[in-house]
Amino acid sequence: MTTTEALLIGRRRRLALTMVGGFAGLVALSLAVAVVAERAGLPTAAALTDRLVPLLAFYAPAPIAAVGGYARCGGPACLAVGAVPAVVFAALVVVGTVFGVPGVGPGDSPIGGVTMAFAAVGLTGAFVGYCAGVTAALLSDLVGFGSGGDSEGDED
């Protein structure tokens, strides 16, 4: 597979699925802990999740996508990382609505707007991170140091 195909389409499917799935699990767990901590009135856990959730939702997609771009996971997987916070947030709202969790359902808040804002910020960060990762991969291949060797055997 040529370098362009590896960078755009992806060569390491297993790593890409692990990257997206692991990040989705981490975001889902942090949002669930935030809801539980808020409902239980645990100030320490709520303070921790107040810092962790924005970090994962807004700042983490860019570096994760950069690593994915450098590791040749492909553009679709790296951009999926950017969509993860919005999808998990929307799923949490749906589950909260179905099961009647207080404070999680749609209520009077503009859930669609918040979800789209999460998606826009996440996808923008993931795109910038992916471009940085691809640039680093191309530069490291140019120097002869990169992760572009075909001897890795992770082609699925």
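The values are calculated or read from the model by the stated rules, or taken from the named source; none is laboratory data. These numbers were taken from a predicted model, which means no experiment stands behind them. So basically every Cβ, Gly included, is an ideal-geometry build from the backbone, and we count neighbours across all protein chains shown.
Summary of computed values
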{"quantity": "So Ala45, is it free of Cβ contacts under 8 Å to residues at least 60 places away in the same chain and buried (at least 20 other Cβ atoms within 10 Å of the Cβ)", "calculated": "no"}
{"quantity": "Hits in the range 67-80 (condition: in contact with a Cys (Cβ under 9 Å, 6 or more places away or on another chain) and either buried (at least 24 other Cβ atoms within 10 Å of the Cβ) or under 12 Å from Arg14 (Cα atoms) (or both))", "calculated": "Gly68, Gly69"}
{"quantity": "Residue identified as β-branched (Val, Ile, Thr) and at pLDDT 90 or above among Val20, Val36, Val104", "calculated": "Val20"}
{"quantity": "Test for Ala57: is it under 21 Å from Ala137 (Cβ atoms) and crowded, with 16+ Cβ neighbours inside 10 Å", "calculated": "no"}
{"quantity": "Test: residue in the range 67-75 that is under 19 Å from Ala28 (Cβ atoms) and among the aliphatic types (A, V, I, L, M)", "calculated": "no"}
